[in-house]
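What follows is a set of notes on a single structure, which appears directly below.
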Protein chains: 2
Amino acid sequence: MKKIKKAIISVSDKKNLKFLLKILSKHKIEILSSGGTFKEIKKLGFKCLEISKFTGSKEILDGRIKTLHPKIHSGILSIRNKKSHKNDLKKNNYEEIDLVIVNFYPFENILKSTNNHKKIIENIDVGGPTMVRAAAKNYNDVAVVTNYNQYKELSNELNLNKGCTTLDFRKKMSVAAFTETAYYDAIISNYFNSQSKVLFPKKKIFYGNLIENLRYGENPHQNAAVYSINKKLNLNQLHGKKLSYNNYNDIFSALLISKSLPKNTGTVILKHSNPCGVSINKNNFKSYKLALACDPISAFGGIISCNYKINKKLAIELKKIFFEVIICKSINNDALKLLKIKKNLRIIDASKFSNNNLQSISSLSNNILVQSLDDFSFSKSNFKVVSKKKPNLETFKNLIFAFNVCRFVKSNAIVISNNDSTIGIGSGQPSRLDSCEIAINKMKKFHKEKLDDKIIAASDAFFPFVDGVEKLVQSGVSAIIQPYGSIRDKEIINFANRTNTILVFSKTRHFRH
Amino acid sequence: MKKIKKAIISVSDKKNLKFLLKILSKHKIEILSSGGTFKEIKKLGFKCLEISKFTGSKEILDGRIKTLHPKIHSGILSIRNKKSHKNDLKKNNYEEIDLVIVNFYPFENILKSTNNHKKIIENIDVGGPTMVRAAAKNYNDVAVVTNYNQYKELSNELNLNKGCTTLDFRKKMSVAAFTETAYYDAIISNYFNSQSKVLFPKKKIFYGNLIENLRYGENPHQNAAVYSINKKLNLNQLHGKKLSYNNYNDIFSALLISKSLPKNTGTVILKHSNPCGVSINKNNFKSYKLALACDPISAFGGIISCNYKINKKLAIELKKIFFEVIICKSINNDALKLLKIKKNLRIIDASKFSNNNLQSISSLSNNILVQSLDDFSFSKSNFKVVSKKKPNLETFKNLIFAFNVCRFVKSNAIVISNNDSTIGIGSGQPSRLDSCEIAINKMKKFHKEKLDDKIIAASDAFFPFVDGVEKLVQSGVSAIIQPYGSIRDKEIINFANRTNTILVFSKTRHFRH
């Protein structure tokens, strides 16, 4: 138990300050402050001693030097039950400071509001983090508050303990304080590194804001949480139970695919973070029906992402299938009402969702792999027709559609497509031939009706042998798109020419694991 | 260009200090210091002014208060070309400090050497980070050095510019400095959070040390790097080209599996981060042959992880197959010599590799999913025999082996096994039935010889319908292990009983995406 006699307050964000001052005043706690905080305290009618009067050192350098003074830091850092420390204070006429209430210059917010480097730099707080770190280090004797959300807790603590704080409370506040300083410098470090175009510094700091604790992870015996580098995810949940870890995982994957499709046309159905049906069509209803037709059995219990507005007609269809999550770019009231009847369905409006950080991280225990996202848009110059037979514009478009879907399918990936809709997806196989077979089997299973002759296929990496290409062509595929690079490329081109198949090579490979 | 006249030095790690002092002396730079650094400088025979003499404030609180003084921080933080700042310094008899050379109390190392919380806390540096952050903020005028590895660079800079530093240099040092303070507080924050058993704090900081920049990421158009929370990975590469992103990804997955197998017995073959052959056998040679036999075609170009020592006999066999990476727990000289002939092979001794951080992170752009690892060891109490027919000890062991492999296969996962060796793996399918079919087809393709009647199968999650179980049993599977939880569990138990199949339910599910 430590009695609080003297507090120092320096808050850039003055929210709830009056509430705070009332608590401190109630418990007869003396207040030290300076600058804007000092003025505000006086304005609110509370007693307060200016720091420069306390230290005897004037505030200089436009406020850059206010609290960096031994009288302040001895007051914070002295170990109370140590005689020599007590003597040191006495000799120097220093006094104990028992409570530090500081929030920092708003570096993170300034980044969002300006590109002015000088202004950004001026918002790097030096004095604030120093007091907070000193207090957090000395939590055995000193309490530290770094966020206005903690004032209520401070109030409860002081009321409960007659103006004292418990060690538990001080330790908890100290943990939060070091998290705050680490977070603050992580953002500064990332800003400076990105300014200097350093992608992979010697030490890299990743940071996230807790969005929510999840009931569990991929499986019930794993605990989990979702974080964001932003304060919120910008996923507007309109209906349904809390999202699970696997929901989030699928949603992030689905939105990446949806974003890569032309606006207001694309439907993506996903299961176990693998697409099992993708289609683009200006007629949204058709787009959905075609995506579902790719593999209606796998779609069961999956998630669906529409990069368009859902209307009532579509909602009636969606209602027939068990999806765990429907993601949309807004939804009609009628449609929403209809779908809300389903208790186990989650509906997410992702209109405001966006990605601005262009790296992905994957870590297993101690080790972290960081890479830039594979999210560039394809242009024609990425591709080269290598067969004698040339694709017309429509076929070329369909090939690029299939190749784009392919990059989001777990490797080895084969996508068979017809009319801008997948009709067979082979995923996650160690052998490319197996992925071909799976894709072909899916096509045969769910597309027994006569397909037109525009069946085309895409592969995420080159075919090491001609066998996979052979299988596809035998199954009715008339055009294939694939990265180049195999020592058997020539053999494959020859095969294409012999069978009058269109063959397009891509400059880029698209593994995804 | 800024002339360096006065430097402050406070280094916990005194490596290369003499080299540094020689540079500073050569360029006639005055030195301020205190405590242990001051003593060492004097001992080395260089001139140095003690900080307490410079500030006129005695060092107090056992050294907790040395540099937290307005004279020090005004000297660092003043904007040189601002008149009011110049006047502020003059009025107070303060002087400019142009170079800050600081490394921090060794918090990270102390964590490794002691559990004494008090000692750990005492190693939280307050003064050092404050000077470094002040100098880094004011990089327009001040240079900051935070690591003895930078002395050489400082020396070059001063020599090249006749005792001055360029803005480029100062900015670069500033970026490194903020990375250093962020890293320092990230470790403190993580230590405090783990002390308080907070798994998911409101703000979470992840940090890593750059192990190496990679040529590219999953694909050549993606840039990438590998980091570790430790200073090194403890993977000893004995032979071969640099590891690629996909190599690392596979290696981390493979080692997770190898670790889960009984010591000195397990072989894992992996392709596209999915196992395509796993076996345990006290006879290592057999263990390898059986793992390979599961799918010898997919193994081509994969990686293999042996949790035992590789001898010459095995090396002769390994040499016949094209693997990208061989991981071992040490290797005989003869065997190594033999395998080194292969230019495209990488050989890794992972004897010293270990994982102590028990969370996994997966991020796509802004969003980060964090969860505890799915790595607990199975015990019998995790399982319940629900069929009339009971497994004998051997079958039970084989079932647990298959179920354990299953948790590392991408969902939906089906593993068919015989005699502690996988003989058919179905992975990465949106439908469980499809995974069954893939596993069965693999078994039929590569195991045409008569297998004994101990063919068993494992599923990573429950069967939603009886159809998958039916298929497996029809293909010769005599025992099945799977999590419980389907509304059709009873139907499946009845089916098992009708067909005299052993059925074991697991309490835990093991999705992996």
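When B:Ala335, B:Ala402, B:Ala350 are checked against the criterion of being modelled with pLDDT of 95 or more and closer than 30 Å to A:Ser244 by Cα, a single residue qualifies: B:Ala402.
For every residue, the table says whether it meets (1) within 26 Å of B:Asp295 (Cβ to Cβ); (2) at pLDDT below 95; (3) outside the structural domain of B:Pro430 (by TED's automatic domain parsing).
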{"residue": "B:Asp453", "(1), (2), (3)": "yes, yes, no"}
{"residue": "B:Asp460", "(1), (2), (3)": "yes, no, no"}
{"residue": "B:Leu472", "(1), (2), (3)": "yes, no, no"}
{"residue": "B:Pro483", "(1), (2), (3)": "yes, no, no"}
{"residue": "B:Ile493", "(1), (2), (3)": "no, no, no"}
{"residue": "B:Ala496", "(1), (2), (3)": "no, no, no"}
{"residue": "B:Thr499", "(1), (2), (3)": "no, no, no"}
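Residue under question is B:Lys204, and the condition is that it be within 26 Å of B:Asn103 (Cα to Cα), surrounded by fewer than 17 Cβ atoms within 10 Å (Cβ to Cβ) and among the charged types (D, E, K, R); does it hold? Considered against the rule, which asks whether it is within 26 Å of B:Asn103 (Cα to Cα), surrounded by fewer than 17 Cβ atoms within 10 Å (Cβ to Cβ) and among the charged types (D, E, K, R), B:Lys204 comes out as no. Across the range B:224-243, the qualifying residues are those that are over 12 Å from the mean Cα position of the chain (by Cα), at negative phi and surrounded by fewer than 20 Cβ atoms within 10 Å (Cβ to Cβ), and the one among them that is farthest from the other protein chains (Cβ to nearest Cβ) is B:His239. Note on the range A:23-110: enclosed helices (runs of 4 or more DSSP H) holding 3 or more residues that are surrounded by fewer than 17 Cβ atoms within 10 Å (Cβ to Cβ) are A:35-43, A:83-92. Summed over the range B:282-310, residues that are within 29 Å of the chain's Cα centre (by Cα) and part of a loop (DSSP other than H, G, I, E, B) total 6. Identify, by number, the condition in (1) at pLDDT below 95; (2) within 30 Å of A:Gly426 (Cβ to Cβ); (3) surrounded by fewer than 16 Cβ atoms within 10 Å (Cβ to Cβ) that B:Phe446 doesn't meet. Every listed condition holds for B:Phe446 apart from (3). Note on the range B:472-513: residues that are part of a loop (DSSP other than H, G, I, E, B) and in contact with a strand residue (DSSP E or B) (Cβ under 7 Å, 6 or more places away or on another chain) amount to 6. Quickly run through the range B:408-422 and pick out the residues that are touching a Ser or Thr at 6+ places or on another chain (Cβ under 8 Å), polar (S, T, N, Q) and not in a loop (DSSP other than H, G, I, E, B). Residues satisfying the conditions are B:Ser421, B:Thr422. Close contacts from the range B:309-325, counting a first residue that is closer than 27 Å to B:Tyr245 by Cα and a second that is assigned to a loop (DSSP other than H, G, I, E, B) and hydroxyl-bearing (Ser, Thr, Tyr), with Cβ to Cβ under 6 Å and a gap of 6+ residues or different chains, come to B:Lys309/B:Ser330. Here is the figure for the range A:220-276: residues that are under 10 Å from A:Ile303 (Cα atoms) and among the hydroxyl-bearing types (Ser, Thr, Tyr) total 1. Take the conditions more than 36 Å from the chain's Cα centre (by Cα) and within 20 Å of A:Asn147 (Cα to Cα) and apply them to A:Ser33. Does it pass? The answer is yes for A:Ser33. On the given criteria, is A:Ile124 out of contact with any Pro (no Cβ under 8 Å at 6 or more places or on another chain), buried (at least 22 other Cβ atoms within 10 Å of the Cβ), within 26 Å of B:Tyr94 (Cα to Cα) and more than 10 Å from chain B (Cβ to nearest Cβ)? Taking the combined requirement at face value, the residue does not satisfy it.
Residues of the range B:177-197 that are within 7 Å of chain A (Cβ to nearest Cβ) and either more than 22 Å from B:Ala136 (Cα to Cα) or surrounded by fewer than 16 Cβ atoms within 10 Å (Cβ to Cβ) (or both): B:Phe192, B:Asn193, B:Ser196.
The criterion of at least 2 residues that are assigned by TED's automatic domain parsing to the domain that holds B:Cys406, under 20 Å from A:Lys203 (Cα atoms) and in contact with a Pro (Cβ under 7 Å, 6 or more places away or on another chain) is met by none of the strands (runs of 3 or more DSSP E) falling completely within the range B:181-268. Could you grab me the full set of residues in the range A:456-468 that are among the hydrophobic types (A, V, I, L, M, F, W, C) and touching a Leu at 6+ places or on another chain (Cβ under 8 Å)? Once the filter is applied, which keeps residues that are among the hydrophobic types (A, V, I, L, M, F, W, C) and touching a Leu at 6+ places or on another chain (Cβ under 8 Å), the range A:456-468 yields A:Ile456, A:Ala457, A:Ala458, A:Phe465.
Residues of the range A:419-435 that are surrounded by 24 or more Cβ atoms within 10 Å (Cβ to Cβ), free of Cβ contacts under 8 Å to residues at least 40 places away in the same chain and in contact with an Asp or Glu (Cβ under 8 Å, 6 or more places away or on another chain): A:Gly426, A:Pro430.
Quick check, is A:Gly277 within 23 Å of the chain's Cα centre (by Cα) and crowded, with 23+ Cβ neighbours inside 10 Å? Taking the combined requirement at face value, the residue does not satisfy it. I want to confirm something. Restricting to the range A:337-375 and keeping residues that are out of contact with any strand residue (DSSP E or B) (no Cβ under 9 Å at 6 or more places or on another chain) and farther than 15 Å from A:Tyr248 by Cα, which single residue is nearest to the other protein chains (Cβ to nearest Cβ)? Going through the qualifying residues, I end up with A:Asn356.
Scanning the range A:304-319 for residues that are of a type in the set (Gly, Ala, Ser) and surrounded by fewer than 24 Cβ atoms within 10 Å (Cβ to Cβ) returns a single hit, A:Ala315. The number of residues in the range A:207-223 that are facing chain B (nearest Cβ under 7 Å) and under 30 Å from A:Val100 (Cα atoms) comes to 5. As a summary of the residue check, B:Arg133 satisfies the conditions (1) facing another protein chain (nearest Cβ under 7 Å); (2) farther than 26 Å from B:Leu99 by Cβ except for the one numbered (2). Restricting A:Val132, A:Val144 to those that are in contact (Cβ under 8 Å) with a residue 24 or more places away in the chain, part of a strand (DSSP E or B) and either closer than 29 Å to A:Ser372 by Cα or of a type outside the set (Asp, Glu) (or both) reduces the list to A:Val144.
Residue under question is B:Gly468, and the condition is that it be crowded, with 21+ Cβ neighbours inside 10 Å and not hydroxyl-bearing (Ser, Thr, Tyr); does it hold? Yes, satisfied.
Determine which single condition B:Thr265 fails, assuming it passes every other condition in (1) in contact with a strand residue (DSSP E or B) (Cβ under 7 Å, 6 or more places away or on another chain); (2) surrounded by fewer than 22 Cβ atoms within 10 Å (Cβ to Cβ); (3) farther than 30 Å from B:Lys286 by Cα; (4) polar (S, T, N, Q). Result: B:Thr265 fails condition (3) only.
Looking at A:Ile303, A:Ile269, just one residue is within 13 Å of another protein chain (Cβ to nearest Cβ), touching a residue at least 12 places away in the same chain (Cβ under 8 Å) and either over 26 Å from A:Arg512 (Cα atoms) or out of contact with any Lys or Arg (no Cβ under 8 Å at 6 or more places or on another chain) (or both), and that residue is A:Ile269. Filtering the range B:155-171 for residues that are in contact (Cβ under 8 Å) with a residue 12 or more places away in the chain, within 11 Å of chain A (Cβ to nearest Cβ), assigned to a helix (DSSP H, G or I) and under 16 Å from B:Asn123 (Cα atoms) leaves an empty set.
Remark: pairs (first residue in the range A:40-58, within 14 Å of chain B (Cβ to nearest Cβ); second residue outside any helix (DSSP H, G or I) and surrounded by fewer than 18 Cβ atoms within 10 Å (Cβ to Cβ); Cβ separation under 7 Å; 6+ apart in sequence or on different chains) = A:Ser52/A:Lys58.
The values are calculated or read from the model by the stated rules, or taken from the named source; none is laboratory data. The structure presented is a predicted model; accordingly, all values stated were derived computationally and were not measured. Every residue, glycine as well, gets a Cβ built from its backbone with ideal geometry; the counts of neighbours run over all protein chains shown.
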